[in-house]
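**Student:** Quick one: structure below, then a few questions.
Every read-out reported here was derived from the displayed coordinates using simple, explicitly stated rules and does not represent laboratory data. What you are looking at is a predicted structure, and each value in this text was computed from that prediction instead of being measured. Counting neighbours? That spans all protein chains shown, and the Cβs are built from the backbone with ideal geometry, glycine included.
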Amino acid sequence: MLHPITSNRRNLILYAVFWLSNAFIMIFFYYQFFHFPIFLAIADGLIYHILFAGVGLGLWYAVRYSQMETNHIGNLLVNHLTAVGITMALVLAFGFYTLSAIPVVKDGYGLMFQSTFIWRVLVGIIQYIIVVLVYYLMMYYLNFIEKMKMEATLKTNMKAAELNVLKSQINPHFLFNSLNSISALALGEPAKARDMIEKLSDFLRFSLSEKPNAIRLFAEEIDNINRYLDIEKIRFGDRLVIVKDLSSKCLDALIPSLILQPLVENAIKHGVSESIGRVEIRITADCFHGFLKMQVENDCEEKPRLNKSGSGIGLQNIKQRLKLVYGRDDLVNIRHEANKFSVILSIPQHDKNDTRYSY
């Protein structure tokens with residue numbers, strides 16, 4: 001930990017002002033009440049307080065390495081009694097011999113010093129106590145700030161780790177499905193299999209390069225979704241129909257990376273995969289009231305089989321990711337009406353006064 005006085009210009013100025021103020025007060029007392037000659041009062045007040053200011057800087061280390069939490073109160077008192085004794089001895093001794101060496105001061109200075117000795121000691125002890133207490137306050141403040149920074153870093157790391165876990169739970173479903181499709185195409189339609197491998201490679205390269213807590217443009221997320229849909233179109237052919245209705249004013253909205261792909265994957269898994277006919281998946285997006293509203297809707301059976309193995313994992317992970325990122329658990333809305341299943345995401349935008357987000 002750096003010295004809080006010497007490492008901070010503002011603190012150094014305040015420290016100098018404190019000791020100069022004390023020096024001027026002492027000069028006034030020496031001149032007014034002890035009847036020192038004005039030159040002697042000024043020399044005495046300035047020299048002693050310059051010495052005390054220098055020694056006072058060193059007291060930081062006495063405080064720094066004798067913290068209350070790690071020392072018995074008896075040991076702490078002994079340490080400070082020793083420190084105040086050494087401090088007063090150094091300041092008084094150096095001050096006396098320095099002033100005694102000045103020709104115009106040394107005559108009669110010994111008697112003046114003796115007459116104010118008790119006063120000097122009492123004032124010095126009070127100044128020592130003030131300096132030490134200020135150091136303790138500064139030390140605890142700096143420790144508090146350091147602790148807050150460490151806690152913030154720890155929370156950020158834990159958040160990133162949890163997001164990483166959630167992201168890793170989502171990606172394998174799509175990967176396994178794609179590999180199974182490639183295996184099926186390899187014998188009967190090798191050209192489609194090669195095309196699917198290339199597109200899968202591009203998609204995974206982009207997805208794996210993203211940090212788990214990254215925020216990016218909605219337009220970039222849509223580009224990634226197009227890569228994903230290219231792969232699924234090869235897999236399902238004409239059975240998969242994609243309809244997109246995306247407001248252009250939302251393309252530069254910010255969203256968590258890879259948040260939309262699990263929704264589309266879920267729509268395909270529970271729409272196209274469980275149907276023998278054509279299934280339409282509709283992706284819409286608009287911006288209003290400070291939110292980017294995205295909806296993924298797919299045709300499905302009238303009563304969804306929610307207990308089917310693996311169902312709902314992707315949606316639950318999305319809820320958890322959004323709660324981690326935005327601190328809210330009301331950003332995912334799931335609807336099932338007749339033969340339509342839809343998931344709506346509401347992504348908060350930082351600038352809620354932006355006209356793009358108003359009707």
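**Student:** Testing the spin-label approximation: label points 7 Å from Cα along Cα→Cβ at PHE113 and TYR61. State their distance in nm.
**Tutor:** 2.7 nm
**Student:** Which whole-number percent gives the relative contact order of segment 9-115, counting Cα pairs below 8 Å spaced six or more residues apart?
**Tutor:** 24 percent
**Student:** To continue, here is another question. With a cut-off of at most 16 other beta carbons within 10 Å, and DSSP calling the residue loop, which chymotrypsin sites (Phe, Trp or Tyr not before Pro) in segment 1-81 qualify? Please list them. Display every interim value, and only then the final one.
**Tutor:** Details: sites: TYR15, PHE18, TRP19, PHE24, PHE28, PHE29, TYR30, TYR31, PHE33, PHE34, PHE39, TYR48, PHE52, TRP60, TYR61, TYR65; in loops: PHE33, PHE34, TYR65.
Those that pass, being in a loop and sparsely packed, are PHE33, PHE34, TYR65.
**Student:** Residue by residue, what Karplus-based ³J(HN,Hα) values in Hz, rounded to whole numbers, does segment 134-146 have, using 6.51, -1.76 and 1.60 with θ = phi - 60° and x for Gly and Pro?
**Tutor:** In residue order, the calculated couplings are 4, 4, 4, 4, 5, 5, 5, 5, 5, 5, 5, 4, 5 Hz.
**Student:** Would you grab the residues whose amide H sits under 5 Å from the one on PHE288? Only those 5+ places off in sequence or on another chain, please, with H modelled 1.01 Å from N.
**Tutor:** LYS293
**Student:** For PHE36, enumerate residues with amide H under 5 Å from its amide H, sequence gap 5+ or separate chain, H modeled in the peptide plane.
**Tutor:** TYR31
**Student:** In segment 212-305, which GluC sites (Glu not before Pro) are in a loop and have at most 16 other Cβ atoms within 10 Å, using DSSP for the loop call? Write out the running numbers ahead of the final one.
**Tutor:** Numbers: sites: GLU220, GLU221, GLU232, GLU265, GLU274, GLU280, GLU297, GLU301, GLU302; in loops: GLU274, GLU301, GLU302.
Here the GluC sites (Glu not before Pro) that fit, given the DSSP loop and packing criteria, are GLU274, GLU301, GLU302.
**Student:** Would you check segment 202-300 for Lys pairs whose C-alpha atoms are within less than 15 Å, ignoring same-chain pairs closer than 8 in sequence, and give me the count?
**Tutor:** 4
**Student:** Right, here's the next one. Describe numerically, in nm with one decimal, the distance between label points set 7 Å from Cα along Cα→Cβ at LEU76 and at ALA184.
**Tutor:** Simple spin-label model gives 7.3 nm for this pair.
**Student:** Using the Karplus curve 6.51 cos²θ - 1.76 cosθ + 1.60 with θ = phi - 60°, what ³J(HN,Hα) values do you get for each residue of segment 27-33, in whole Hz, with x for Gly and Pro?
**Tutor:** With the stated coefficients, segment 27-33 comes to 4, 4, 5, 4, 6, 7, 9 Hz.
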